[in-house]
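Enquirer: Below: one structure in structure tokens.
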Amino acid sequence: MAALKLFGVTIPEAYGGAGLDTLSLVMIIEEIARVDGALALTIASHNSLCSTHLFQYGNEAQREKYLPALTSGETLGAWALTEAASGSDAAAMETRAEYVDKHWNLNGGKIFITQGSVAGLYVVMAKTDHNLGKNGISAFVVEKGTHGLIIGKPEKKLGVRASDTAAIHFENLRLLKENLLGERHQGYQQALQILSGGRIGIGAMAVGLAQGALDRALKYAGRREQFGQKLGVFQGIQQKLADMSTEIQAARLVVYQAANLKDTQKPYASLASQAKLFASEAASRTTAQAVQILGGTGFMKEAEVERFFRDAKLCEIGEGTSEIQRIIIAKNLLQ
């Protein structure tokens, strides 16, 4: 994948990337997820979160210093926002960064960080002015090996088990002023933009998982015999397959449309939420139907569809739950 520049899909060639657009990225994520959701999540998070944040908000010195290692695959990137007391409510963030003696002093911790224990570079959100709430959040670049960075053990999860997830902690971690990413107190606004793009990627992952489950259900229905006929001959099974395919196609189109809006620099945040919401819930329904079509075989690990079923659930939770997406969509409609 590194040789194919899949670790820098949308990053310009000047920094070692492929210089492609968002639509290309979501197609890549979708095709990988059609086989392996965990690997698709690694590619999606590395590209859409850490690398994109650095490219969009980093200065030229930061881009030249950090992006080549990320785009080459030499270094995996992680993006650290979520905390134990701060999930959907970013204003409740407790991680602090204080500027003392020409250094930033970082204290706190993050949970559920994708690539948390294997990343070489972290983009970390922290409060730089507690009194300003969410408007007092700033973003920082933290390199692995920095004194005061403590890496937790990988989490044991329902799905996407080959994707690394871990907590990270900061104990008097000292950063230079050059580690501030973008303007001070602009971290929350930056995070909102990055999450909107990331949601398109999660939507693409959901589409790929759903398609992969349908692929396997179709293959099974074409070879499994019951009552002297192939399973696919029965109208009950045909209706399930037709509904699955229709939902997948609808999800794919809304994900591609959101990507196209982003590429053409048009407002895309609301459609990104719609894409993630619809695609993730469609993936959960579709993968569940795939397990049902395979019956007892579908409940076994050897059939793979149970893995797609487990992996799809993350898409309804990560980078903003379905409930949060509905709030975003409704607010945009009412405005």
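The values are calculated or read from the model by the stated rules, or taken from the named source; none is laboratory data. Keep in mind that this is a model prediction, so the values were computed, not measured. Because the Cβ atoms are built from the backbone with ideal geometry, glycine has one as well, and the counts that use them run over all protein chains shown. Accessible surface areas use protein heavy atoms only, side chains included; no ligands, DNA or RNA. Shrake-Rupley method; radii C 1.70, N 1.55, O 1.52, S 1.80 Å.
Enquirer: Looking at region 228-250, is at least one residue at pLDDT 95 or above, surrounded by fewer than 24 Cβ atoms within 10 Å (Cβ to Cβ), small (Gly, Ala, Ser) and within 20 Å of the chain's Cα centre (by Cα)?
Expert: No: region 228-250 contains no residue that is at pLDDT 95 or above, surrounded by fewer than 24 Cβ atoms within 10 Å (Cβ to Cβ), small (Gly, Ala, Ser) and within 20 Å of the chain's Cα centre (by Cα).
This table checks each residue for (1) within 17 Å of the chain's Cα centre (by Cα); (2) part of a helix (DSSP H, G or I).
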residue: 28; (1), (2): yes, yes
residue: 42; (1), (2): yes, yes
residue: 47; (1), (2): yes, yes
residue: 67; (1), (2): no, yes
residue: 78; (1), (2): yes, no
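Enquirer: Within the set of pairs 6 or more residues apart or between chains, which connect a residue that is over 21 Å from residue 58 (Cβ atoms) inside region 2-31 to a residue that is among the aliphatic types (A, V, I, L, M) and part of a loop (DSSP other than H, G, I, E, B) with Cβ atoms less than 7 Å apart?
Expert: Sorted first by the residue in region 2-31, then by its partner, the pairs are 24/9; 28/6; 28/9.
Enquirer: Kindly indicate whether any position in region 88-106 is over 16 Å from residue 191 (Cα atoms), of a type in the set (Gly, Ala, Ser) and outside any strand (DSSP E or B).
Expert: no
Enquirer: Note down all Cβ pairs under 7 Å where the first residue falls in region 204-226 and is of a type in the set (S, T, N, Q), the second is modelled with pLDDT of 95 or more and open to solvent by less than 10 Å² (accessible area, probe 1.4 Å), and they're at least six residues apart or on different chains.
Expert: Close Cβ pairs (under 7 Å, with a partner that is modelled with pLDDT of 95 or more and open to solvent by less than 10 Å² (accessible area, probe 1.4 Å)) amount to 211/248.
Enquirer: Consider residue 245 carefully, then state whether it is in contact (Cβ under 8 Å) with a residue 12 or more places away in the chain and touching a Cys at 6+ places or on another chain (Cβ under 7 Å). Walk me through it before giving the result.
Expert: Values: in contact (Cβ under 8 Å) with a residue 12 or more places away in the chain: yes; touching a Cys at 6+ places or on another chain (Cβ under 7 Å): no.
Criteria not met by residue 245.
Enquirer: Looking only at residues in region 278-312 that are farther than 15 Å from residue 34 by Cα and among the charged types (D, E, K, R), which one is surrounded by the most Cβ atoms within 10 Å (Cβ to Cβ)? Walk me through it before giving the result.
Expert: Step one: of region 278-312, the residues farther than 15 Å from residue 34 by Cα are 278, 281, 285, 288-289, 291-302.
Going one step further and asking which of them are among the charged types (D, E, K, R), we end up with 281, 285, 301-302.
Working: 281: 18, 285: 15, 301: 8, 302: 6.
Only one residue tops the list, namely 281.
Enquirer: Restricting attention to region 149-163, which residues are open to solvent by 60 Å² or more (accessible area, probe 1.4 Å), within 19 Å of residue 83 (Cα to Cα) and not aliphatic (A, V, I, L, M)?
Expert: 153, 154, 155, 156
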